[in-house]
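What follows is a short report on a single structure.
Read-outs throughout are calculated quantities, based only on the coordinates presented, and are distinct from any laboratory measurement. Keep in mind that what you see is a predicted model, and the values were worked out from it rather than measured. Every residue, glycine among them, receives a Cβ derived from its backbone with ideal geometry; neighbour counts consider all protein chains shown.
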Amino acid sequence: MPQEKLHHIALVGHMGSGKSTIGSLLGNLMNYDHIDLDVVIANQTGRSIGVIFAEKGEKFFRDLESQSLESKLLTQEPLVISTGGGIVERSSNRILLQEKSFVIWLRADINILVKRVSRRSSRPLLKGKDPLEVLTKLDRERANFYEEIADLTIDTNNMKAANVSDMLFDSLKSRLGEENE
C-alpha cells in the first residue's frame with residue numbers, strides 16, 4: 001500500500017455509523033487533524049446543512065461537498081476526514097477518495113442506524129420521513145459504493161466509538177509499520 005494512501009484517512013458510511021465521533025477520536029490517537037466535511041461546509045457558508053438543503057437543495061449541497069472533499073484531500077497535512085453519507089453518490093468523489101486516501105467504511109445494521117439517528121432530528125434526508133424506510137433505501141443505493149472504495153471495513157454494531165477508534169488505530173499503526181520496514 002503506497003504511503004500516500006495513508007496520508008489521509010477518510011471515513012465513509014451511512015448517517016449514524018459514527019463517522020464524526022470516531023473520526024475525532026482516531027485523529028487524536030494518530031495525531032492527525034480531524035475534519036468533518038459537514039462542519040467545513042457549514043462554516044464556509046454560515047448555514048447549517050439542513051438550511052442549505054432547504055434553501056438551495058441537495059444538488060447544491062453535493063456540489064459544496066465535492067469541492068470541500070477535493071480541497072481537503074489536496075492538503076499536505078495528514079487528515080482524518082469524516083465524510084457525509086452521500087459522498088459516494090458521485091463517481092468523481094469515489095475516485096478521489098480511492099486515489100488520495102485510505103478509506104474506512106464504518107458499517108452498521110439498518111436497525112442500529114435507525115436507533116442512532118432517531119436521537120437527532122437535524123438530518124435533512126430524514127425530515128418528516130420514516131428513518132427505517134429512508135435508511136433501507138439509502139443502503140440499497142450506497143452500500144455497493146462503500147464496499148467498492150473501502151480499504152478497510154469495520155462493523156460498528158454494538159461497539160462504543162472509543163473501541164472502534166482504538167481498533168482502527170491499531171490496524172493503521174501496523175500498516176504504517178509495515179511500510180517503514
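Things to note:
- Multiplying the residue separation of GLU58 and ASN111 by 0.36 nm and removing their Cα-Cα distance gives an extension gain of 16.6 nm.
- Each Lys and Arg adds +1 at its Cβ and each Asp and Glu adds -1 at its Cβ; summed about the Cα centre, the range 3-166 shows a dipole of about 580 debye.
- Distance between modelled label sites at THR75 and GLU148, nm, 7 Å Cα→Cβ extension: 2.8 nm
- Extending 7 Å from the Cα toward the beta-carbon at both GLN44 and ASN158 defines two label points whose distance is 4.0 nm.
- Helices assigned as whole DSSP H runs in the chain whose Cα atoms extend at least 24 Å along their own long axis and whose mean Kyte-Doolittle hydropathy is -0.5 or higher are found at 161-179.
- Signed unit charges on C-beta, dipole axis of the range 3-166, positive-most listed residue GLN98, ASN31, VAL114: VAL114
- The amide H of ASP33, built 1.01 Å from its N in the peptide plane, has VAL80 as neighbours under 5 Å, considering only residues 5 or more places off or on other chains.
- GLU99, GLU65 arranged by Cβ crowding within 10 Å, fewest neighbours leading: GLU99, GLU65
- Over the range 3-166: Kirkwood hydrodynamic radius from C-alpha pairwise inverse distances, Å: 15.9 Å
- Alpha-carbon geometry of the range 15-87: the Rg and the Dmax are 12.5, 38 Å, given in that order.
- Filter on LYS59/LYS129; LYS19/LYS160; LYS19/LYS173; LYS72/LYS100; LYS129/LYS160 - keep pairs with C-alpha separation over 21 Å: LYS129/LYS160
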